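Just so it is clear, none of the values below were taken in a lab; they were calculated from the coordinates. All values derive from a computational prediction rather than experimental measurement. Every residue, glycine as well, gets a Cβ built from its backbone with ideal geometry; the counts of neighbours run over all protein chains shown.
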Amino acid sequence: MPALDQRRTPYFDALRDYVRAGTVPFHTPGHKQGRGMHRRLRDFIGDRVLAIDLTQIRGLDDLNAPEGPIADAHELAAAAYGADYSYFLINGSTAGNQAMLMTALRPGDTVLLPRNSHKSATSALIMSATRPVYMQPEVDEELHIDHCVTPETVERALDEHPDARAVFITSPTYYGATADLAAIERIVHARDKLLLVDEAWGPHLHFHPELPPSATSIGADACVNSTHKLIGGMSQASMLHTCGPRIDQGRLRSTLRLFQSTSPQLVLLASLDVARMQMATQGERLLGQTLALARDARRRLNRIPGVSCLGPECVGRPGVAGYDETRLVITVKDLGYTGYEAEAILRLRYNVQVELADLFNVVALVTIGDRRDSIDRLVRAVQALAREDRPVDLYAPSGILERRMAQGTYSLPKIPEQVVTPREAFLAAHVEVPFRKSAGKICAEVVTPYPPGIPILCPGERITQHIIDYVRLELKAGVHLQGPADTRLRTIRVLQA
Ligand SMILES: Cc1ncc(COP(=O)(O)O)c(C=O)c1O
């Protein structure tokens, strides 16, 4: 079969040709290519975006049953990523994880997944009526962040749960570490299980040899990429890829139909088509420039007293088989700031916005959208932050976290007993009770302290006194909680007795 011409952008072309033809639109969206939209927004975003904000009429194909230019664009994406099939997604990797897990699993099945999986995986467990067995990711005590699960952890989990149908892996993490996917693939496929990879943070990996290997290159059965996170896709634009015969494409397509709107945002689809073309034709050069900028930034950040920036030297630590050097994890704890404070100062005083803050770090993404001047702004802002006169009272007023760390007592409680599945917990009747009196009750929500971003409780799990004491101490130390309806956890939602 002749190689596909990766310079083509069949879906974007179809939208542009419709506009050029000057067809009179008697279809949605009602703003009619911008003409009916108020000037306040129209003048700002421009008529061209609105002109291709169309619906799936003749010639523009149907995302839920593609046969024309969307099918062509999917085929080009699959070839570019080395997959057998690729699908465009308009609700991010959230929809991708949901569709991937729903396709691979049957009600009652067991799936092995890292404890720190994204909440879209939890929602997939609820919808698919499956039973999770959580694997503990490796925790970097020094930086208070979590990395990936190791092949040994996967192997042990499979030994203990030979009935599991699939293994779900997150790689890269938010912090840029990648799992040893090649070793995990050998272990998982040797037992004839499915390997599903949440590669939301890796849409670029496939296109540069100095980046860690992509999930498609090691033969994962399915993976998701948030094209919008790090390359040219617009927000919510993601892709799902599959390799090999283990995923039933018919089932996957029907599952995607459950999750995708019947009125997809076609501008997002065009951005996926063009992002693929850009990576396939210029990716290595653009990502080479990105890597050079990120490496330069890391070097300069590491020269600032009190600041350190994680780099490829971390490869080989537990749970770090590879490292995406475009990620800048900037550790500010020795400046006497929390990451949360540093994030606020960088934004409010220096007009620089990072992606993520946690207790010790801020995380900046360097992408193909950066240039030397944006990198200079970041480095200068961190230099200025480091010069600011800050009394070193990081954990004031309590000093609890510091004391606990010195005593070596900063260890996560064990994964608690799973009494019912996440779905049963989600669908059951819930009541709100004071958290400090909730020992013995079954949790209805996810409770995740950041850092390190590993849930302490998931729906269906029994709350213990150890967990209550741990979380209350974390809250006093200023740790942020994600998941519960009451983020200060004065109350918690539990299953009605
Ligand atoms: C590991 C991981 N998976 C999946 C998602 C969901 O991706 P999206 O925002 O594209 O829906 C995220 C979002 O941050 C994520 O960090």
task: Report the charge-dipole magnitude of the chain in Debye, nearest 20, computed about the Cα centre from +1 at each Lys and Arg Cβ and -1 at each Asp and Glu Cβ.
output: 1320
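Which order do the peptides 377-383, 92-98 come out in when sorted by mean C-beta neighbours inside 10 angstrom, highest first?
Packing order, densest peptide first, comes out as 92-98, 377-383.
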task: Starting from one equal scatterer on each C-alpha and no solvent at all, send me the Debye-based log10 I(q)/I(0) for the range 222-280 at q = 0.13, 0.23, 0.25, 0.28 Å⁻¹, two decimals.
output: -0.38, -1.02, -1.09, -1.15
message: Given Cα positions, please report Rg to Rh for the chain, the hydrodynamic radius being the Kirkwood one.
response: 0.98
message: Can you give me the C-alpha center-to-center distance between the range 154-200 and the range 32-98, rounded to a whole angstrom?
response: 31
message: Can you give me the distance in nm between label points at Ser374 and Arg39, each placed 7 Å from the Cα along the Cα-to-Cβ direction?
response: 3.2
task: Give the share of C-alpha pairs in each 5 angstrom bin for the range 124-208, from 0 to the last occupied bin, in whole percents, shortest bins first.
output: 3, 13, 24, 23, 19, 13, 4, 1
task: Please list, in chain and number order, the residues 5+ apart from Val133 or on another chain whose amide H is under 5 Å from its amide H, with Hs placed from the backbone.
output: Val111, Leu112, Leu113
field: the range 157-248, dipole about Cα centre (Lys/Arg Cβ +1, Asp/Glu Cβ -1), debye to the nearest 20
entry: 180
- line: Taking every other residue with Cβ under 12 Å from the Cβ of Ala83 and scoring Lys and Arg +1, Asp and Glu -1, one gets -3
- request: Using the Karplus curve 6.51 cos²θ - 1.76 cosθ + 1.60 with θ = phi - 60°, work out ³J(HN,Hα) for each residue of the range 199-206 in order, rounded to whole Hz, and write x for Gly and Pro.
  value: 10, 3, 8, x, x, 9, 4, 5
Extension reserve of the Thr262-Val431 stretch, reckoned as 0.36 nm per residue once the Cα distance is removed: 57.3 nm
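What number, in percent, do you get for the relative contact order of the chain if the mean sequence gap of Cα pairs under 8 Å and at least 6 apart is divided by its residue count?
14
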message: Show me, bin by bin at 10 Å from 0, the whole-percent P(r) of the range 10-280 based on Cα pairs.
response: 7, 29, 32, 19, 10, 3, 0
query: So for Thr227, Thr150, fewest C-beta neighbours within 10 Å to most, what's the order?
result: Thr150, Thr227
query: What list do you get for Val431, Val224 if you sort them by fewest beta carbons within 10 Å?
result: Val431, Val224
message: Can you tally the net charge around Pro203? Count Lys and Arg as +1, Asp and Glu as -1, for every other residue whose Cβ sits under 10 Å from the Cβ of Pro203.
response: +1
Around Gly233: net Lys/Arg minus Asp/Glu count, Cβ-Cβ under 11 Å: +1
- line: Residues meeting the amide H criterion for Thr491 (H placed from the backbone, H to H distance under 5 Å, 5 or more places apart or on another chain) are Phe435
statement: Most packed first (mean Cβ within 10 Å per residue), the peptides 37-46, 478-487, 458-467 order as 458-467, 478-487, 37-46
- line: Exposure proxy check on Glu355, Glu185: fewest-to-most Cβ neighbours within 10 Å is Glu355, Glu185
message: Can you tell me how the range 186-292 classifies by the Cα gyration tensor, rounded, prolate or oblate, using a/c under 1.5 as the rounded cut?
response: oblate
message: Straight-line reach from Lys414: which lysines fall under 22 Å, measuring Cα to Cα and dropping same-chain residues less than 8 apart?
response: Lys119, Lys437, Lys441, Lys476
message: I'd like the per residue volume of the convex hull spanned by the Cα atoms of the range 245-355, given in cubic angstrom.
response: 224
statement: Expected vector for the range 107-119, Karplus 3J(HN,Hα) from phi with 6.51, -1.76, 1.60 and θ = phi - 60°, integer Hz, x for Gly and Pro, equals x, x, 5, 9, 10, 8, 8, x, 4, 9, 5, 5, 5
